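Here is the structure we will look at, set down as structure tokens.
The values are calculated or read from the model by the stated rules, or taken from the named source; none is laboratory data. A quick note: this is a predicted structure, and the numbers were derived from the prediction, not measured. A quick note on method: Cβ atoms are made from the backbone with ideal geometry, for glycine too, and the neighbour counts reach across all protein chains shown. Remember, those area values only see protein heavy atoms, side chains included, never the ligands or the DNA or RNA. Shrake-Rupley method; radii C 1.70, N 1.55, O 1.52, S 1.80 Å.
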Amino acid sequence: HVLDVACRMAAPGVTTEEIDDVVHDTILEHGAYPSPLRYAGFPKSCCSSVNEVICHGIPNARPLRAGDVVSFDVSCFLDGVHGDNCATVLVGDCPSQQEEEEDVDNATTEFESLELEQHFVAARRLIRAT
């Protein structure tokens, strides 16, 4: 349930820190404790790894952008047991694969900067690799 909450919140403009706050509150509301919090000094209640961060990313104030690939790792301690689960989502509206393939040849995308274009290309490569 808590992992679903995190994944549904992943949208352009939302920060992983905001998602972490909701994850934290949701875990506590269900009588559990967030396993990552304070473990080996980890400062947050879940891990959020955006784009090139492979795993155990620390939630922060950077707003998510359309095209970001974000993985959430939610771990809870309940009744003497640690439970751990994770999921990866693409931020923003995602066309079906058929729609994307139909649009590829005719697509013209303009970016505000070379950095944003490179970010988009890297995200697409990650998505197509899966």
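Of the GluC sites (Glu not before Pro) found in the stretch 1-103, those that fall in a DSSP loop while having at most 14 other beta-carbon atoms within 10 Å are 52. Remark: relative contact order (the stretch 38-91) = 30 percent; criterion is Cα-Cα distance under 8 angstrom and separation of 6 or more residues.
In this structure residue 33 has an accessible area near 80 Å², from a 1.4 Å probe over the protein heavy atoms. Here the gap between residue 42 and residue 114, fully extended at 0.36 nm per residue and compared with their Cα-Cα distance, gives a gain of 22.6 nm. Neighbours of residue 30, meaning other residues whose beta-carbon lies under 13 angstrom from its beta-carbon, give a summed charge of -4 when Lys and Arg score +1 and Asp and Glu score -1. When a/c reaches 1.5 or more, the comparison of a/b and b/c decides; with that in mind, is the stretch 8-57 rounded, prolate or oblate per its Cα gyration tensor? Oblate, since a/c reaches 1.5 and b/c is not below a/b. Packing-based ranking of 40-48, 113-121 yields 40-48, 113-121, ordered from highest to lowest mean Cβ neighbour count within 10 Å. Residues whose amide H comes within less than 5 Å of that of residue 60, counting only those at least five positions distant or on another chain, are 16, 17 (H built at 1.01 Å from N in the peptide plane). Using C-alpha pairs below 8 Å separated by at least 6 residues, the relative contact order for the stretch 1-87 is 32 percent. Spacing of the modelled spin labels on residue 88 and residue 28, each 7 Å from Cα toward Cβ, amounts to 3.2 nm.
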